[in-house]
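The values are calculated or read from the model by the stated rules, or taken from the named source; none is laboratory data. Keep in mind it's a predicted model, so treat the numbers as computed, not measured. Here the Cβ positions follow ideal geometry from the backbone for every residue, glycine too, while neighbour counts run over all protein chains shown.
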Ligand SMILES: C[S@@+](CC[C@H](N)C(=O)[O-])C[C@H]1O[C@@H](n2cnc3c(N)ncnc32)[C@H](O)[C@@H]1O
């Protein structure tokens with residue numbers, strides 16, 4: 001019921017504002033449905049809502065990398081909008097991690113070229129390859145801190161690899177800000193934070 005009530009302002013925004021209508025056009029032009037909001041049944045999860053295409057593209061343009069050499073991983077990939085957008089940038093591999101089975105099914109149909117794994121982000125082992133980890137505010141603390149620790153650990157797995165973290169709405173970025181492994185590359189208030197692992201195999205041996 002709470003979600004039905006919350007979805008009213010969302011749908012008003014979607015249909016009545018220029019930004020909302022631009023978002024609707026994304027779905028129309030890609031013949032998908034990525035709009036909508038829903039709440040996954042998992043602790044500390046933020047509800048599903050799709051990233052705004054303009055925000056996604058602006059963030060990706062900030063990265064000083066060649067996407068063709070990187071794997072794109074969307075943590076909390078929802079209905080797959082970021083997976084569709086990642087293809088525009090030519091990432092060599094596109095991977096979505098999503099806890100809700102219903103959303104995974106929709107994402108697989110919306111972004112058939114991406115690999116979608118229906119798993120809690122805390123059970124996902126990031127692959128030891130050059131990667132961009134994309135997050136549009138998927139979960140709160142303590143899950144975000146636990147997830148950051150997981151990425152740090154994964155940097156110890158050979159071969160040496162580069163990891164960038166693109167975090168929209170970075171309300172729980174403390175774990176990355178205080179990390180000995182990551183450094184902040186760019187900050188745009190509460191809209192965007194970009195972190196990079198300091199060296200290719202950053203985590204020093206314990
Ligand atoms: C704000 S939406 C972002 C959707 C998508 N990344 C995009 O940019 O369009 C956050 C997503 O994170 C998912 N999520 C929340 N907690 C999760 C967890 N522990 N593991 C995996 N996915 C999770 C939610 O189900 C939701 O789909």
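Couple of notes before you dig in:
- Out of 63, 24, 14, one residue alone is without any contact (Cβ under 8 Å) to a residue 12 or more places away in the chain, more than 11 Å from the ligand (Cβ to nearest atom) and at negative phi. It is 24.
- The single condition from (1) part of a helix (DSSP H, G or I); (2) crowded, with 18+ Cβ neighbours inside 10 Å; (3) touching a strand residue (DSSP E or B) at 6+ places or on another chain (Cβ under 7 Å) that residue 96 fails is (1).
- Look at segment 28-47: where a residue is on the phi > 0 side of the Ramachandran plot and part of a loop (DSSP other than H, G, I, E, B) and a partner is modelled with pLDDT of 95 or more and within 7 Å of the ligand (Cβ to nearest atom), sitting 6+ places away or on another chain with Cβ atoms under 7 Å, you get 44/139; 44/143.
- Scanning segment 105-139 for residues that are near the ligand (Cβ under 9 Å from one of its atoms), farther than 22 Å from residue 162 by Cβ and out of contact with any helix residue (DSSP H, G or I) (no Cβ under 8 Å at 6 or more places or on another chain) yields 119, 120, 123, 137.
- Put simply, of 160, 142, 138 the only residue that is modelled with pLDDT under 95 and on the phi < 0 side of the Ramachandran plot is 160.
- Yes/no for residue 51 being more than 27 Å from residue 146 (Cα to Cα), touching a helix residue (DSSP H, G or I) at 6+ places or on another chain (Cβ under 8 Å), touching a residue at least 40 places away in the same chain (Cβ under 8 Å) and part of a loop (DSSP other than H, G, I, E, B): no
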